[in-house]
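Here is the structure we will look at.
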Amino acid sequence: TLINTLNAAGAKATFFVTGTLYGCIHNQATAVKNAYNSGHQIASHSWSHPSNFGSLSTQDLTSQMQRLEGALNKIIGKKPTYMRPPYLATGGNVLSTMRTLGYRVITDDIDSGDWNGLTAQQSEQRFQQAGAGGNGHIPLMHETYSSTVNTLVPWLINWAKQNNLKLVTVADCLGDAGGAYANPTVAATSTC
């Protein structure tokens, strides 16, 4: 599994999870708990991943985030403080609403393109073009694609080691290791 691959390499990742995009999150509770218990960061990516996330009302954005928070309260007992907006949409009410809800909004600086049909080899080229300098990278990758899990991630682990980079959570990358979670503000829920 992806968690086993990361753990074996001493690598950490941030998983931006949804409530219902790939089936009900409660059906994946064991995988989410395993990632969390292994030291990977669990972060929010909205309840249903709406395509119009950037144009939702404050009320609808709040509902998207609080429904997921309730599920994650049940699964890991914490409220993530980091979120990645669907489609990286930060317009409209997104930033102000996320700030009010206590979230740090994360986008990316390398898009693997796996969601858009790029092969693992094409994704690798994007990392190579971005280079290994600076303060590192925050990539956009999806564990729902087997080529990402089975080819790109092992390659990335090796590439990072060759370039003296360390694979860490987003919170660690941003110097906020203790700030990835807060106490839940929404009651635990167990249904989708």
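The values are calculated or read from the model by the stated rules, or taken from the named source; none is laboratory data. Computed from a predicted model, the values in this text were never measured in an experiment. Using ideal geometry, Cβ is built from the backbone for each residue, glycine included, and neighbour counts are taken over all protein chains shown. With ligands, DNA and RNA removed, areas are computed over all heavy atoms of the protein, side chains included. Shrake-Rupley method; radii C 1.70, N 1.55, O 1.52, S 1.80 Å.
Before moving on, here are some points about what is shown:
- In the stretch 99-129, the residues that are farther than 19 Å from THR14 by Cα, open to solvent by 50 Å² or more (accessible area, probe 1.4 Å), in contact (Cβ under 8 Å) with a residue 12 or more places away in the chain and in contact with a strand residue (DSSP E or B) (Cβ under 9 Å, 6 or more places away or on another chain): ARG126
- Residue match in the stretch 9-22 (condition: without any contact (Cβ under 8 Å) to a residue 60 or more places away in the chain, open to solvent by 40 Å² or more (accessible area, probe 1.4 Å) and among the polar types (S, T, N, Q)): no
- Single unsatisfied condition, TRP155 versus (1) among the aromatic types (Phe, Trp, Tyr); (2) open to solvent by 60 Å² or more (accessible area, probe 1.4 Å); (3) over 15 Å from the mean Cα position of the chain (by Cα): (2)
- Residue within the stretch 45-56 that is surrounded by fewer than 18 Cβ atoms within 10 Å (Cβ to Cβ), closer than 28 Å to LYS166 by Cα and modelled with pLDDT of 95 or more present: no
- Residues of the stretch 171-186 classified as touching a residue at least 60 places away in the same chain (Cβ under 8 Å), outside any loop (DSSP other than H, G, I, E, B) and more than 16 Å from PHE15 (Cα to Cα), total: 1
- THR148 of a type in the set (S, T, N, Q) and surrounded by 13 or more Cβ atoms within 10 Å (Cβ to Cβ): yes
- Test: residue in the stretch 17-29 that is at pLDDT below 95, out of contact with any Pro (no Cβ under 7 Å at 6 or more places or on another chain) and aromatic (Phe, Trp, Tyr): yes
- Boolean, LEU140 is at positive phi and in contact with a strand residue (DSSP E or B) (Cβ under 8 Å, 6 or more places away or on another chain): no
- Subset tally (residues that are of a type outside the set (Lys, Arg), part of a helix (DSSP H, G or I) and either more than 14 Å from ILE110 (Cα to Cα) or in contact (Cβ under 8 Å) with a residue 60 or more places away in the chain (or both)) for the stretch 149-170: 12
- Residue-level check: of (1) among the β-branched types (Val, Ile, Thr); (2) farther than 13 Å from VAL153 by Cβ; (3) open to solvent by 30 Å² or more (accessible area, probe 1.4 Å), THR1 misses just (2).
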